[in-house]
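*Asks:* Take this structure first; my questions come after.
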Amino acid sequence: MRAENIDDVVDGLAAIVREAGRAGDRVGYFAALYRQVTVEVRTAIHGGLFDDGVRMDRFDTHFGNRYFEAYDAWHRDRSGPRCWRETFGLLDDADTIIVQHLILGVNAHINLDLAIAAARTSPGEDIHALRHDFLLINDILARVVLVLQDSLGALSPLMSLLDQVGGRTDEQILDFSVRQSREEAWYNAVLLAGQNEQEREATIKRLDIRAAVLARLIARPGVLVRPALKLIESTESDDVPAVITHLDNAMEQPSARLRTG
C-alpha cells in the first residue's frame, strides 16, 4: 500500500477501516480517527486555508505512507518501528480500552512519523517555510478530537472516571497533549531537515525508542488509574465493528456539523 497523493491516503485508510470492520479488528479504531483528520486536512487544502496546498498534499502523503508502511510491516512479519509494534501488539488485548487504542496510534504517528514526514517534504532550509501550515493542523486535530470526545461518551459511558483518577478531562486524556507533541515534532522536523543520512538514522532511532516507551506507559499506566480502566472496560461496547462504524461516522453527525459549522 503506497499513496501518491492525499486522495490515495483517504482511500487507503477507508480500505483499512472497511476490512477492520469486517474482521472485527481494533486496528480500525485509530484508522477511523486518522481518516477523518485526513479528510478535514483535504477539505482545508481545497478551501485554500494553507499557504501552500500542493506542499500540504505532499506532506500529508508522506505522513500517510509512514502509517501504511508500519501497517504493512506488522501484517507481513510483525516488524516495523518499535512504537508501532507496541501499538499493533495490543490490538488483541481485550483489557485495553477504546481510548487507549486511539492514543497509542496518535502517539506513534505524531511522536515518530510527523517529524520524518515534515523533513521529507521540506528538507534543509525549506523546513522553516512549512511552519505556519504545520501548526495550522493543530486546529484541525483539536476540532476532530472535540467531536470524537462526544462519540466516545456513547461508546464508553464511564470514561469520565479518568477525570477523577487522573485530574484531567476526558478530552485532555484523548488529546494527551497533542499540541505539545506536535510542537516537539516540529523541533525534531527542523533537526532532521538539517541532518545528513547517518545523523537522521540516529535521530529517528531515538524518537522511535521514546515513542515506544510512551506507548508502554499509555498501555500500562500507574496503579491509581488501573482500577478505573478496568471498570471502564467492563462497561464500554465490545462490539468492535460497531465501534469502528461509530468512530468513522463521528464527523458526519449533526452535533459535529454544529461544532464545526
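*Asks:* Residue 82 is checked against (1) within 24 Å of residue 156 (Cα to Cα); (2) open to solvent by 50 Å² or more (accessible area, probe 1.4 Å) and fails just one. What number does that condition carry?
*Replies:* Unmet condition: (1).
*Asks:* A further question follows. So how many residues does segment 6-15 have that are surrounded by fewer than 23 Cβ atoms within 10 Å (Cβ to Cβ), under 17 Å from the mean Cα position of the chain (by Cα) and in contact (Cβ under 8 Å) with a residue 40 or more places away in the chain?
*Replies:* The number of residues fulfilling the criteria is 1.
*Asks:* Can I ask one more? Could you check, for segment 60-79, whether at least one of its residues is assigned to a loop (DSSP other than H, G, I, E, B) and over 26 Å from residue 154 (Cα atoms)?
*Replies:* Within segment 60-79 (the criterion being assigned to a loop (DSSP other than H, G, I, E, B) and over 26 Å from residue 154 (Cα atoms)), the answer is yes, since at least one residue qualifies.
*Asks:* Right, something else. Pairs under 6 Å by beta carbon, first residue more than 20 Å from residue 107 (Cα to Cα) in segment 19-38, partner of a type outside the set (S, T, N, Q), six or more apart or different chains?
*Replies:* Pairs that qualify, where the first residue is more than 20 Å from residue 107 (Cα to Cα) and the partner is of a type outside the set (S, T, N, Q), are 20/27; 20/28; 20/244; 21/28; 21/241; 21/244; 24/240; 24/241.
*Asks:* Now for a separate question. Considering segment 228-247 alone, what residues qualify as being at pLDDT 90 or above and either part of a helix (DSSP H, G or I) or hydroxyl-bearing (Ser, Thr, Tyr) (or both)?
*Replies:* Selection gives 240, 241, 242, 243, 244, 245, 246, 247.
*Asks:* Just checking, which of 51, 60 is under 14 Å from the mean Cα position of the chain (by Cα) and charged (D, E, K, R)? Before the answer, list the steps.
*Replies:* Numbers: 51 fails: under 14 Å from the mean Cα position of the chain (by Cα).
The unique qualifying residue is 60.
*Asks:* Can you tell which of 77, 72, 95 is more than 17 Å from residue 188 (Cβ to Cβ) and without any contact (Cβ under 8 Å) to a residue 60 or more places away in the chain?
*Replies:* Residue meeting the stated conditions: 77.
*Asks:* In segment 93-112, how many residues are open to solvent by less than 40 Å² (accessible area, probe 1.4 Å) and charged (D, E, K, R)?
*Replies:* Qualifying residue count, segment 93-112: 1.
*Asks:* Report the residue count in segment 178-227 for those that are among the polar types (S, T, N, Q), modelled with pLDDT under 95 and surrounded by fewer than 14 Cβ atoms within 10 Å (Cβ to Cβ). So that I can check it myself, show each step before the final result.
*Replies:* Step one: list which residues in segment 178-227 are among the polar types (S, T, N, Q), which gives 180-181, 188, 195-196, 198, 203.
After this cut, where a residue has to be modelled with pLDDT under 95 as well, the list is 180-181.
If we keep only those that are surrounded by fewer than 14 Cβ atoms within 10 Å (Cβ to Cβ) too, we end up with 180.
Residues that pass the stated criteria total 1.
*Asks:* Same structure, new question: Going by the conditions given, is residue 38 exposed (fewer than 15 other Cβ atoms within 10 Å of the Cβ), polar (S, T, N, Q) and under 19 Å from residue 145 (Cα atoms)?
*Replies:* So residue 38 fails the test.
*Asks:* Could we say that residue 66 is surrounded by fewer than 22 Cβ atoms within 10 Å (Cβ to Cβ), under 30 Å from residue 227 (Cα atoms) and in contact with a helix residue (DSSP H, G or I) (Cβ under 9 Å, 6 or more places away or on another chain) here?
*Replies:* Against the criterion (surrounded by fewer than 22 Cβ atoms within 10 Å (Cβ to Cβ), under 30 Å from residue 227 (Cα atoms) and in contact with a helix residue (DSSP H, G or I) (Cβ under 9 Å, 6 or more places away or on another chain)), residue 66 does not qualify.
*Asks:* Collect the residues in segment 1-31 that are more than 22 Å from residue 57 (Cβ to Cβ) and of a type in the set (A, V, I, L, M), keeping them in residue-number order.
*Replies:* Hits for segment 1-31 are 20, 23, 27.
*Asks:* Among 33, 49, 90, which is open to solvent by 10 Å² or more (accessible area, probe 1.4 Å), within 25 Å of residue 207 (Cα to Cα) and not in a helix (DSSP H, G or I)?
*Replies:* The match here is 90.
The values are calculated or read from the model by the stated rules, or taken from the named source; none is laboratory data. Note that the structure is a prediction, hence the values are computed from the model and not measured. Backbone-built Cβ (ideal geometry, glycine too); neighbour counts: all protein chains shown. Each accessible area value is taken on the protein alone, full model and side chains, heavy atoms only, with ligands, DNA and RNA left out. Shrake-Rupley method; radii C 1.70, N 1.55, O 1.52, S 1.80 Å.
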